[in-house]
Amino acid sequence: MARSANYNTKQKEHILKLLIENSSSHTTAGYISSCLQSQGTPVGIATIYRYLDQLADEGVIRKYTIDNKTGACYQYIGEKKECREHFHLKCVKCEKLFHVECDYLSDLEKHIHSHHGFTIDHTKTVLYGCCKDCSD
């Protein structure tokens, strides 16, 4: 049985609502699938990934990828301009994401632009490593 476009729109609404409700944290497609399933509004994982990719391309969410083995995580940013103007640090152990306002990194960004003619896209820039809690 073919599904109507309205059904697909409802699925997208449920996914976006969940992302907005969890905007202070980072979530995975698997987590979204589990939540929607438990709410009685199951959505196929392929549909979730397609919509997440669309939202990432539109700049509504950020997509963080650690490596080719680990699934990406996502965060709703909507119109939060500040999330597009600073660097992010992602711990590869605990997977926490840190928003970093740092004069040194800002100076580095200016250097890269003025000396190398390269503009950094903060919507795609994440520095990966190990946070102090995981390093101990």
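No value in this document is a laboratory result; all are computed from the given coordinates. Values in this document were obtained by computation on a predicted structure and should not be read as measured data. Using ideal geometry, Cβ is built from the backbone for each residue, glycine included, and neighbour counts are taken over all protein chains shown.
Annotations
- ³J(HN,Hα), Karplus 6.51/-1.76/1.60, whole Hz, each residue of segment 32-39, x for Gly, Pro: 4, 4, 4, 4, 5, 4, 5, 8
- Under the Karplus curve 6.51 cos²θ - 1.76 cosθ + 1.60, θ = phi - 60°, whole-Hz ³J(HN,Hα) for segment 103-108, x wherever Gly or Pro sits: 4, 4, 5, 5, 5, 4
- Centre separation in Å (Cα based) which lies between segment 46-64 and segment 103-136: 23
- Karplus-derived 3J(HN,Hα) values for segment 125-136, using 6.51 cos²θ - 1.76 cosθ + 1.60 with θ = phi - 60°, are 9, 9, 9, 9, x, 10, 6, 4, 5, 7, 7, 5 Hz; glycine and proline are entered as x.
- Square roots of 5 times each gyration tensor eigenvalue, C-alpha, segment 22-69, largest first, Å: 19, 12, 12
- For peptides 110-122, 52-64, sequence by mean Cβ density within 10 Å, most packed first: 52-64, 110-122
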